[in-house]
Structure formats: C-alpha cells, structure tokens
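Input: a single structure, listed below in structure tokens.
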C-alpha cells in the first residue's frame, strides 16, 4: 500500500498513526468484527514496515522492530510477551499525546 508523504511525518506522528491502527484492530476485535480487525492489524504492520524502511537510526529501528515482533506475537502468536489491549493502548497513547502537542 502507498502512503504518500509518510516520510515527511515525524517519528512521533508515524507512531501515533500506527497506534491508531492498533487501536482500530483492538476495537474491532472487541466488537467481534474479525474482518475489520484483521484489516487494521495488517495496516498497522504495513505502517511499521514503512517506518522501518525510512528511518536509519539503528536505536529507533531496534525498538520499532521489537514492537512489530510483540504486535504479531500478541495478535497471531502465543503472546509470549504477555501483551494486552491495555498495554498496547498505553504504549501508543504517549505517541498520540506527543504528536498532538508537536503539531497542535
């Protein structure tokens, strides 16, 4: 999928957008809509992968790669990291807050 202008967003804005898809996936799962939930799950992965492709800072890439691993493990794996919807919401909330304060 193509996301024009993605590379012009700050990392905080990119993470906030990823968080929005994570939130959508969780909400649709809670509403028992597996089709929309799965679509949001894959969009979140696409945005993570796009962000990984753009950033060259290895420290940021390491954390984001771990986020990707934990997100996939939570969604389709054995949840070996013991993630929860609450944890994911808390993690991405900080990016949403920061992105709003940067741009708002």
So what is the relative contact order of the chain, in percent, for Cα pairs below 8 Å that sit 6 or more residues apart? 36
Relative to the chain, whose Cα atoms define the longest principal axis, helix 11-30 and its Cα axis are tilted in degrees, nearest 10, by 10
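How big is the shadow of the Cα convex hull of segment 10-103, averaged over all directions, in nm²?
6.0
Hey, what number do you get for the chain at 222 nm if only DSSP H runs of n ≥ 4 count, each worth -39500 (n - 2.57), divided across all residues, to the nearest 500?
Numbers: 4 runs with 79 residues, N = 104.
That comes out to -26000 deg cm²/dmol.
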Fully extended, how many nm does the chain gain between residue 73 and residue 46 (0.36 nm per residue separation, minus their Cα-Cα distance)? 8.1 nm
Modelled label-to-label distance, residue 82 and residue 27, 7 Å Cα→beta-carbon offset: nm? 2.9
If packing is taken as the average number of other Cβ atoms within 10 Å across a peptide's residues, how do 33-41, 78-86, 21-29 rank, most packed first? 21-29, 33-41, 78-86
I need the peptides 12-20, 42-50 ranked by packing, meaning the mean over residues of other C-beta atoms within 10 angstrom, with the highest value on top. 12-20, 42-50
Principal-axis tilt of helix 34-54 within the chain, Cα atoms, nearest 10 degrees: 30
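Any chance you could list the semi-axes, whole Å, largest first, of the equivalent ellipsoid that the Cα gyration tensor gives for segment 3-50, using √(5λ)? Could the numbers behind the result be given before it?
Values: eigenvalues 101, 20, 8 Å².
Working through the eigenvalues yields semi-axes of 22, 10, 6 Å.
Just so you know, all these numbers are worked out from the coordinates, no wet-lab data involved. Just so we're clear, the structure is a prediction, and the values are computed from it rather than from any experiment. Ideal geometry is used to build each Cβ from the backbone, glycine not excepted, and the neighbour counts take in all protein chains shown.
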